[in-house]
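Working notes, structure below.
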Amino acid sequence: MALLSSMESAVWDAPLREQFEVFLDEHRAALHDCLDGLTEEQARRPLVASKTTLLGLVKHATFVEKVWFDEAIKCRSRSEIGIPDTPDESFDLDDGDTIASVQRAHREACAASRQAAADLALDDLVLGNRRGPLPLRWVYLHMLRELAQHCGHADILREQLLQA
């Protein structure tokens, strides 16, 4: 059996909420960092039939943070937040989207997400989601699932870009 790293050991014994937050932040950082060292052209290059690009993935992750932590927790509408109506639209890149601007927006959204959830317990209900009231625990689990999926997409796209 492999020994746990010091980070894993610290998380292993931590309260559940802290465990969730450590894993969320690891996935957030992985998506943010997938753009590091790329040119603007590489970050925008489409490699699959969908709208998915590395820059678009990070922009979408920013949207997801705002949906779950601004819309769901703070009960603000998407128009009030200034985000698209649909997840598909969140992959759309504007001429002004750059690696720096998308990474900055992502960092800011993640910080706002942490702040929005700071005073809630895992079993506290958030009321702004279209599914109805959900516990913060569900939001954290959903975010982990979503971010893990997109980290996998980013790994594959980045590998394709760097081998081209």
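Tally time: how many residues in the stretch 55-78 are assigned to a helix (DSSP H, G or I) and closer than 26 Å to D124 by Cβ?
Of all residues in the stretch 55-78, those assigned to a helix (DSSP H, G or I) come to 55-74, 78.
From the residues that got through so far, the ones that are closer than 26 Å to D124 by Cβ too are 61-74, 78.
Matching residues across the stretch 55-78 total 15.
Could you tell me which numbered condition S50 fails, if it satisfies all but one of (1) within 24 Å of H153 (Cβ to Cβ); (2) at pLDDT 95 or above?
(2)
Please name all residue pairs, on different chains or six or more residues apart, with Cβ atoms under 9 Å, provided the first residue is in the stretch 61-81 and is free of Cβ contacts under 8 Å to residues at least 60 places away in the same chain and more than 17 Å from L136 (Cβ to Cβ) and the second residue is charged (D, E, K, R) and in a loop (DSSP other than H, G, I, E, B).
R78/D85; S79/D85
Criterion first (touching a Ser or Thr at 6+ places or on another chain (Cβ under 9 Å), buried (at least 20 other Cβ atoms within 10 Å of the Cβ), of a type in the set (F, W, Y) and under 27 Å from E159 (Cβ atoms)) does F63 satisfy it?
When the stated conditions are applied, F63 passes them.
Applying the selection to the stretch 113-164, what residues are of a type in the set (D, E) and either touching a Lys or Arg at 6+ places or on another chain (Cβ under 8 Å) or on the phi > 0 side of the Ramachandran plot (or both)?
Narrowing the stretch 113-164 to residues of a type in the set (D, E): 119, 123-124, 146, 155, 159.
Correct list: D123 only.
Considering only residues that are surrounded by fewer than 18 Cβ atoms within 10 Å (Cβ to Cβ) and among the hydrophobic types (A, V, I, L, M, F, W, C), which ones fall in the stretch 92-111? Lay out the reasoning, then the answer.
Of the stretch 92-111, the ones surrounded by fewer than 18 Cβ atoms within 10 Å (Cβ to Cβ) are 92-96, 98, 100-101, 104, 107-108, 111.
Those that are surrounded by fewer than 18 Cβ atoms within 10 Å (Cβ to Cβ) and among the hydrophobic types (A, V, I, L, M, F, W, C): L93, A100, A111.
Let me confirm something: among Q103, Q42, which residue is more than 26 Å from F20 (Cα to Cα), not β-branched (V, I, T) and not in a loop (DSSP other than H, G, I, E, B)? Spell out how you get there, then give the answer.
Details: Q103 fails: more than 26 Å from F20 (Cα to Cα).
Answer to the selection: Q42.
Within the stretch 129-160, how many residues turn out to be part of a loop (DSSP other than H, G, I, E, B) and crowded, with 18+ Cβ neighbours inside 10 Å? Spell out the reasoning first.
Step one: filter the stretch 129-160 for residues part of a loop (DSSP other than H, G, I, E, B), giving 129-133.
If we keep only those that are crowded, with 18+ Cβ neighbours inside 10 Å too, we end up with 129.
Adding up the residues that qualify gives 1.
Given the options A117, A148, name the one that is in contact with a helix residue (DSSP H, G or I) (Cβ under 8 Å, 6 or more places away or on another chain), under 18 Å from E71 (Cβ atoms) and modelled with pLDDT of 95 or more. Give the steps one after another, and end with the answer.
Details: A148 fails: under 18 Å from E71 (Cβ atoms).
One residue alone meets the criteria, A117.
Within the stretch 44-53, can one find any residue that is out of contact with any Lys or Arg (no Cβ under 6 Å at 6 or more places or on another chain), of a type outside the set (F, W, Y) and crowded, with 19+ Cβ neighbours inside 10 Å? Quick ask: steps written out before the conclusion?
Filtering the stretch 44-53 down to residues out of contact with any Lys or Arg (no Cβ under 6 Å at 6 or more places or on another chain) leaves 44-52.
Then keep just the ones that are of a type outside the set (F, W, Y); that gives 44-52.
Of the ones still in play, those that are also crowded, with 19+ Cβ neighbours inside 10 Å are none.
Looking through the stretch 44-53, none of the residues is out of contact with any Lys or Arg (no Cβ under 6 Å at 6 or more places or on another chain), of a type outside the set (F, W, Y) and crowded, with 19+ Cβ neighbours inside 10 Å.
The values are calculated or read from the model by the stated rules, or taken from the named source; none is laboratory data. The structure displayed is predicted, hence computed values, not measured ones. Every residue, glycine among them, receives a Cβ derived from its backbone with ideal geometry; neighbour counts consider all protein chains shown.
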